[in-house]
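Okay, structure first, notes after.
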Amino acid sequence: MDVPRLMAQVSAKKKAYVETYGCQMNASDGELMLGILAAQGYEVAATPEDADVILVNTCAIREHAEQRVLGRVGQLNQLKLERPELVIGVTGCMAQRLGPTLLERAPYVDLVMGPDAYRRLPQVLARLRPAAANGAQRRELPVLSKAASLRVAALDFQPHENYEDLEVRRTSRLSAWVPVQRGCDYRCTYCIVPYVRGPEKNRDPEKILAEVRRIAQDGIPEVVLLGQTVNSYQHGEWDFSRLLRAVARVDGIRRVRFTSPHPNDLTPALVEVMAQEPAVCKQLHLPVQSGHDRTLKRMLRRYTVASYLEQIRLVRAAVPDLALSTDIIVAFPGETEAEYEATLDLLRTVRYDDAFLYKYSPRAGTPATRLPREQFIPEEVAQARLEGVIALHRDIQAQINRGELGRVVEVLVERPARTPGDVLGRTDSNKVVAFPGDPAWIGRFLRVRLTATTGATFVGELVGDPALQVA
Ligand code: 5AD
Ligand code: SF4
């Protein structure tokens, strides 16, 4: 093939850019979208400026997340003023939640697509191209009725869609997300997830294991199994403990994490696998949401503080040195000061290594929004509660981490750190450590002594000669 023809072919390839917000499941969906597009001949653009198609892959879990995305989409529209043929799509949970109203609110958005429709992405984009070519005209006439036939909302739920047999385009060479479950069958009263991601669907274990074997063959040492309530996984004879054990035993996989489990599905069998399988990380993220039974009941969490603490006791007894993390929502409607204090007490009792702390955010359509108006907590009170729980958690975390100083841990080196000359990695228990090192060590497991802590993260030093260390 002569050179000019080759160049013509290369420049004909469309470039796609996916910008993801929100949880690891959504980030994994971003990799799936890039994989689907790459299979249809798209290239991955390094920046939005360089792209023919920009997909903003959104989160709907809290109001704040949605506001950020709307601002960002508006910003990206600036690119369209210069390049009217640019396609802007909004995907993910917020796209599903707002649907066609998003097309009305943001007249420059060409495509709105929910989490069950990604398989059709290339076909839908192909239909959009003529619309994009009309972009200049649409900018002058951004009236929905004039452009509606050229813009698409793909929002149907597919009860069996689990994206089996599609190649994802992985962004990390060190850690691979593997969704094992989509959707959620719980109905926590504050949560939008079941409404935007539909009911729980579990993947075939044999296909999951085949994917993990491919990951290992590609030299990726860590997998993170993903699901909204990952440990409720069930497929035929397979439950989550069996799946986790099988994944942990795949040759070449050195670390397995999973997120997020629901406390009610933390079975003795799962605890046993965590204790017995060396590849399963000594780390558990177990969302508690509140430290008071009345609030838990009104959230429809289906456990009590006592039963949650019993789970923690069992898992800690079985897995010494386990690092625990959690999610907490403060200022749920009707939460009294005493109930909030009970959450602080729970933090003091459990002493989490890490915690993700949120102020309740009303999500239209969820049961909690129908609670009596007078129960909604005033913003100043909610903010004060959030700040209180953050301060307490930081204090506990710093105490825990100071207690770790002097220990020698195994770190998987991930990337250069911000400080020049340092590299950064993670321990088995998911703690971040920066230490003087060579970027050539990225991808290796090295023994590092923890020498200082900022409270949340660590500074360390390499123990011994890196040339003599394994992997
Ligand atoms: N408001 C605040 N936080 C929420 N979360 C889920 N829904 C809401 C909401 N409406 C939090 C929960 C969940 C985490 C992913 O986000 O703590 O575990
Ligand atoms: Fe939301 Fe509850 Fe399902 Fe988690 S378990 S996704 S908080 S409804």
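Between Asp345 and Ala452, the FRET efficiency estimated from the beta carbon spacing at R0 = 35 angstrom works out to 0.70. Per residue, the chain reaches -11000 deg cm²/dmol at 222 nm when only DSSP H runs of four or more residues are counted, each adding -39500 (n - 2.57).
Taking a Cβ cut-off of under 13 Å around Arg203, the surrounding Lys, Arg, Asp and Glu residues balance to a net charge of -4, with basic ones at +1 and acidic ones at -1. Counting only protein heavy atoms and a 1.4 Å probe, the chain has 45 square angstrom of accessible area per residue. Sorting the segments 218-230, 61-73 by their mean number of nearby beta carbons within 10 angstrom, highest to lowest, gives 218-230, 61-73.
Loop-located chymotrypsin sites (Phe, Trp or Tyr not before Pro) across the range 153-225 with a Cβ neighbour count of 16 or fewer within 10 Å are Phe157, with loop assigned by DSSP. Taking a ≥ b ≥ c as the square roots of the Cα gyration tensor eigenvalues, with a/c under 1.5 meaning rounded and otherwise prolate when a/b beats b/c, else oblate, which class fits the chain? Oblate. Across the range 343-350, rounded Karplus estimates of 3J(HN,Hα) from the backbone phi angles (6.51 cos²θ - 1.76 cosθ + 1.60, θ = phi - 60°) give 5, 4, 4, 4, 4, 5, 6, 7 Hz, Gly and Pro being marked x. Among the cysteines of the chain, Cys23, Cys59, Cys93, Cys184, Cys281 have no other cysteine beta carbon within less than 4.7 Å of their own. Among the lysines of the chain, pairs that are 8 or more positions apart or on different chains and have alpha carbons within less than 30 Å of each other number 17.
The values are calculated or read from the model by the stated rules, or taken from the named source; none is laboratory data. All of these numbers come straight from a predicted model, not from anything done at the bench. Positions of Cβ are generated from backbone atoms using ideal geometry, with glycine treated the same way; all protein chains shown enter the neighbour counts. The area values use the complete protein model at the heavy-atom level, side chains included, leaving out ligands, DNA and RNA. Shrake-Rupley method; radii C 1.70, N 1.55, O 1.52, S 1.80 Å.
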